[in-house]
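As structure tokens, the structure follows; a few thoughts come after it.
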Amino acid sequence: MIRVDVTERDGRIAVFEMSGHAEFDVRGKDLVCAGASAVSFGAVNAIEALTGVEPEIEQADAGYLKVAFPEGLERDTDDRVQLIVRSMIVSLQTIEESYGDFIQVTFRK
């Protein structure tokens with residue numbers, strides 16, 4: 001199962017962490033894994049391209065991604081980063097609605 005842990009601090013998404021494998025299908029044909037990967041990496045790439053913000057990224061292997069967003073950004077920039085991150089979360093939750101046995105999104109404070 002893919003686990004997505006989202007940490008909120010002071011009303012903003014501070015960190016998201018993805019770990020595990022969906023195991024919906026064999027490697028190369030796993031739609032849940034492909035969807036979750038495309039959504040998360042696409043969001044991180046969009047943040048960098050559209051806001052100029054470079055989040056702190058940690059990858060341990062093909063099944064682990066941790067992304068932390070800097071604090072202290074100008075309000076307008078942080079609002080744009082947050083919009084992209086929250087859009088990513090909505091997309092991941094949409095995948096979870098159909099494939100809840102293979103992906104789980106949880107929130108932490």
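The values are calculated or read from the model by the stated rules, or taken from the named source; none is laboratory data. The structure presented is a predicted model; accordingly, all values stated were derived computationally and were not measured. Cβ coordinates were reconstructed from backbone atoms using ideal geometry, including for glycine residues, and neighbour counts include every protein chain displayed.
Some points to look at:
- Whichever residue in region 61-102 is small (Gly, Ala, Ser) and in a helix (DSSP H, G or I) and, among such residues, is farthest from the chain's Cα centre (by Cα): SER98
- The residues on offer are ALA46, ALA36, and the sole one that is in contact (Cβ under 8 Å) with a residue 60 or more places away in the chain and either over 23 Å from ILE95 (Cα atoms) or not in a strand (DSSP E or B) (or both) is ALA36.
- Assessment of region 15-24 against the conditions (surrounded by fewer than 14 Cβ atoms within 10 Å (Cβ to Cβ), more than 11 Å from the chain's Cα centre (by Cα) and in a loop (DSSP other than H, G, I, E, B)) yields no matching residue.
- Failed item in (1) without any contact (Cβ under 8 Å) to a residue 12 or more places away in the chain; (2) closer than 14 Å to MET18 by Cα, with ILE57 passing the rest: (1)
- Qualifying positions in region 30-48 - closer than 22 Å to LEU83 by Cα and not small (Gly, Ala, Ser): VAL39, PHE41, VAL44, ASN45, ILE47, GLU48
- One residue stands out in region 72-90 among those that are among the charged types (D, E, K, R) and touching a residue at least 24 places away in the same chain (Cβ under 8 Å): the one that is farthest from ASP10 (Cα to Cα), namely ARG80.
- A single entry from GLN82, GLN93, GLN59 fulfils the requirement of being buried (at least 16 other Cβ atoms within 10 Å of the Cβ), out of contact with any Pro (no Cβ under 9 Å at 6 or more places or on another chain) and not aliphatic (A, V, I, L, M): GLN82.
- Failed condition for GLU8, given (1) modelled with pLDDT under 95; (2) charged (D, E, K, R); (3) in a strand (DSSP E or B): (1)
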